[in-house]
1. Using +1 on the beta carbon of Lys and Arg, -1 on that of Asp and Glu, and nothing else charged, what's the dipole of segment 183-302 about the Cα centre, debye to 20?
2. Mind grabbing the base-10 log of I(q)/I(0) for segment 128-244 at q = 0.17 Å⁻¹? Debye formula, identical points on the C-alpha positions, no solvent, two decimal places.
3. Extension gain THR279-LYS35, at 0.36 nm per residue separation less the Cα-Cα distance, in nm?
4. Rg/Rh for segment 246-379: what does it come to with C-alpha atoms and Rh from Kirkwood?
5. Per residue of the chain, what 222 nm ellipticity follows from adding -39500 (n - 2.57) for every DSSP H run with n ≥ 4, rounded to the nearest 500?
6. Among TYR144, TYR358, TYR111, determine the one that fluctuates most according to a GNM of the chain built with springs between C-alpha atoms less than 10 Å apart.
7. Just to verify a number: FRET efficiency for ARG417 and LYS332, C-beta to C-beta distance, R0 = 25 Å, to 0.05?
8. Taking the highest mean first, how do the peptides 136-142, 316-322, 259-265, 284-290 order by number of other beta carbon atoms within 10 angstrom per residue?
Amino acid sequence: MKSESQQPTQEYWQPELETMPRPQLEQLQVEKLRKTIEICLKSPFYGKRLGELGITPESINSLDDLRKIPFTTKQDLRDNYPFGLVGGNLDDAIRIHSTSGTTGNPCVVVYSRHDIESWANMIARNMYMVGCRKSDVFQNSSGYGMFTGGLGFQYGAEALGATTVPAAAGNSKRQIKFIRDFGTTCLHAIPSYAIRLAEVFREEGVDPRSTKLHTLFIGAEPHTEEQRQRIERMLGVKAYNSFGMTEMNGPGVAFECKEQDGMHLWEDNYIIEIVDPDTLEPVPDGQMGEMVLTTLDRTMMPILRYRTRDLTRIIPGECKCGRTHRRIDRIKGRTDDMFIIKGVNVFPMQVEKILVQYPGLGSNYLITLDTVDDNDIMTVEVELDDMNTDVYPELQRMTKDIQRALKDEILLTPHVRLVKKGSLPVSEGKAVRVKDLRAGR
């Protein structure tokens, strides 16, 4: 809920917060961090960890004091599944989201009503920043359910007051029908799907510029500046990059303004640190490192100093748009072995977990990511053990079984190829499990 002093102006959704002078913004962060620690101390995980170190809200007098607190990792969330990081009263929980299926437990985030409203307001702020208004028609082509991209943008667009079309993922012809019939002006899509949608427009003989579509929100998977510009040309829109992750609420953590020069990370909701992934020491603005985030406006399940594993940098200097919240560059890669395809986070261990269940397979496998006709595809090649590759019916059955099992695990359907023993390359030292041949990677 916005106060009277934070009502929208022509340029800003919350002018007082978005243009707050840096000293005042940092003081606000300190105050919010103290309240966050107070909630964290009530959770089983942080209660023990912070208690052993004697950390209390009074331990925080400046942002530098944040470094007294240990990092939180994805493994911490898995090990304390499902509610070990919850510091609020579970009776006040109104929603649970989780990451896509991974080996072992997924990462779960629990939300209070305040958390949902805060998140929705943040996405409304993002949408307003790039020109979306109450008069717009917003169409969401992201999946709903446990994936945060669907409901996150849905609630944000509703908070903005826009008319919403929760079209969900896929069915491109229907997406185009809705865009034309409902007068859709703003669309949320992952980059690879935006290109696919442009192709279907062409196949259907429809010029996207004949519709009312003018703004596209893209994110959830890595993409290059060239890919973004191509999407803009193909659909005749302005496409704005966004960053988010389930552990930090979902989409909307950082977002481009109209300048399209980095993504503003909302520092009234998060504290950002960029650290050297090897030494874990802070690096100066402008230098690439691992992004570490602390939530500041969650009352149910705050997270302190979360190692995102994402590599980026803080862009030095002020933005021409007048917002004082610092900007991050697009994500350049990760410090772990996770990859993102079609908006889904996948770990090689998820694939391995499925493959080891089949007695006829060897231990060597390779995941290849490639771009074919502007669509990202994933191919899993796995060596057979001593099985004869001439037994075609049996191999065909096994291939389909593996493909079905992988889809259940990673939520997308890869190509599967069973190959002769010894036909895949063998690496000295750590096995190379992923080969990313996608354009711009």
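The values are calculated or read from the model by the stated rules, or taken from the named source; none is laboratory data. This is a predicted model, so every value here is computed, not measured. A quick note on method: Cβ atoms are made from the backbone with ideal geometry, for glycine too, and the neighbour counts reach across all protein chains shown. Side chains included, ligands, DNA and RNA excluded: accessible areas come from the protein's heavy atoms. Shrake-Rupley method; radii C 1.70, N 1.55, O 1.52, S 1.80 Å.
1. On the way: 10 positive and 21 negative charges, 183 e Å.
Value, rounded to 20: 880 debye.
2. -0.77
3. Working: separation 244, 0.36 × 244 = 87.84 nm, distance 2.90 nm.
Residue separation times 0.36 nm, minus the Cα-Cα distance, leaves 84.9 nm.
4. Numbers: Rg = 18.2 Å, Rh = 17.2 Å.
We get a ratio of 1.05 for segment 246-379.
5. Working: 11 runs with 131 residues, N = 441.
Value at 222 nm, helices only: -9000 deg cm²/dmol.
6. TYR358
7. Working: r = 30 Å, r/R0 = 1.21.
It comes out at approximately 0.25.
8. Details: 136-142: 23.3, 316-322: 13.1, 259-265: 19.6, 284-290: 15.1.
The most tightly packed comes first, giving 136-142, 259-265, 284-290, 316-322.
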